[in-house]
Structure formats: structure tokens, C-alpha cells
Amino acid sequence: MAPRELRIGEVASRTGVSVDTVRYYERLRLLPPAPRTEGGFRLFTAEAVARVQFIKQAQELGLSLDEIKGLLITGGAKECRRMRDLLRIKLNEVGERIRSMEEFRETLSNHLAACESALKEGGDAAECPVLMSIARAEARKGAKR
């Protein structure tokens, strides 16, 4: 084994992924096929470590493995434009999720305020306005069927 060649376990350990993940990336052709020893062990270069790290970072940005595969083709401006376009799409998706989460936060805040108000006014005899609202909505659904 040459000094710069790494076995699959070493690649997994250095990148924080499982051995199965490294195999999976190789099957998907995200990693070039690794040559094997006479005993059948895969031998990877340091470039494979950098590539797995890139894949993980791209996934953290929200890119799918198919999108990442398209970016791993080298070529300069064309890939940069493709990355730019993907990042724009991902940024829009994140913005939509944030808006949705902010709306949900507002709903939760309103429910919390209604519960606090009901408990303050009714004490131990209070009825939960949130549960009553849900029950009314369910009753309306049942009446429409």
C-alpha cells in the first residue's frame, strides 16, 4: 500500500461518515471507483477524503446527492453558474420554510396567550380554548361529510 492510499475505514474516520456511506457514494459515482488490493480492500487517495467532506458540506447546504453529483464535474464557470442557480433555489426554499415557521410560531404564541388568559380568568375551572377550538373545527369537518 502506497503511503497516500487509505483504506475505506480511514476515509470514513477522517470524514465522520460510516463505511457504508463511503461505499454508497462510490456506488452513486460521487467517488471514483477505488482500486483494490489483492485481498479486495478498496484503496482511496486523499482526494477521496476531500470529496467526501465536500459532499457532506454540500448536503448541509441543503443540496441533494443528485445535485451534488452534477456539481462534482469539473469545468469552471459552467459549474459555478450551476452552483449559483442551485443556491438561489435553496435560498428560496429556506425562505419559504422560515416564513412557514414564523406563521406557526405566531399560531403557537396565540394559543399560549389564550391558554394563559383562560387559566387566569377561570383558574381550576377553566376550559382550554385551544382544545375547544380544535373540537369545533373537527365537528365542522364531520358536519360537511
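Worth a mention:
- Test: residue in region 28-41 that is over 25 Å from Glu67 (Cβ atoms) and touching a helix residue (DSSP H, G or I) at 6+ places or on another chain (Cβ under 9 Å): yes
- Within region 94-145, the residues that satisfy the criterion of being of a type in the set (A, V, I, L, M), out of contact with any helix residue (DSSP H, G or I) (no Cβ under 8 Å at 6 or more places or on another chain) and farther than 30 Å from Leu61 by Cα are Leu112, Ala113, Leu119, Ala125, Leu131, Met132, Ile134, Ala135, Ala137, Ala139, Ala143.
- Matching helices (runs of 4 or more DSSP H) fully within region 60-145 where at least 2 residues are out of contact with any Asp or Glu (no Cβ under 7 Å at 6 or more places or on another chain) and over 30 Å from Tyr24 (Cα atoms): 77-122, 129-144
- Scanning region 50-101 for residues that are more than 20 Å from Thr21 (Cα to Cα), surrounded by 13 or more Cβ atoms within 10 Å (Cβ to Cβ) and under 13 Å from the mean Cα position of the chain (by Cα) yields a single hit, Lys90.
The rows are residues; the columns are (1) at pLDDT 90 or above; (2) assigned by TED's automatic domain parsing to the domain that holds Val17; (3) in contact with a strand residue (DSSP E or B) (Cβ under 8 Å, 6 or more places away or on another chain).
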position	(1), (2), (3)
Pro35	no, yes, yes
Ala48	yes, yes, yes
Arg88	yes, no, no
Met101	yes, no, no
Glu106	yes, no, no
Asn110	yes, no, no
Cys115	yes, no, no
Cys128	yes, no, no
Leu131	yes, no, no
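- Selection count, region 10-34, where residues are surrounded by 11 or more Cβ atoms within 10 Å (Cβ to Cβ) and not in a loop (DSSP other than H, G, I, E, B): 13
- In region 35-49, the residues that are surrounded by fewer than 14 Cβ atoms within 10 Å (Cβ to Cβ) and either without any contact (Cβ under 8 Å) to a residue 24 or more places away in the chain or basic (Lys, Arg) (or both): Pro35, Arg36, Glu38, Gly39, Gly40, Glu47
- Summed over region 20-43, residues that are among the hydroxyl-bearing types (Ser, Thr, Tyr) and over 19 Å from the mean Cα position of the chain (by Cα) total 1.
The values are calculated or read from the model by the stated rules, or taken from the named source; none is laboratory data. Because the structure is a prediction, the values reported are computed rather than measured. Note that we place each Cβ from the backbone using ideal geometry, even for glycine, and neighbour counts take in every protein chain shown.
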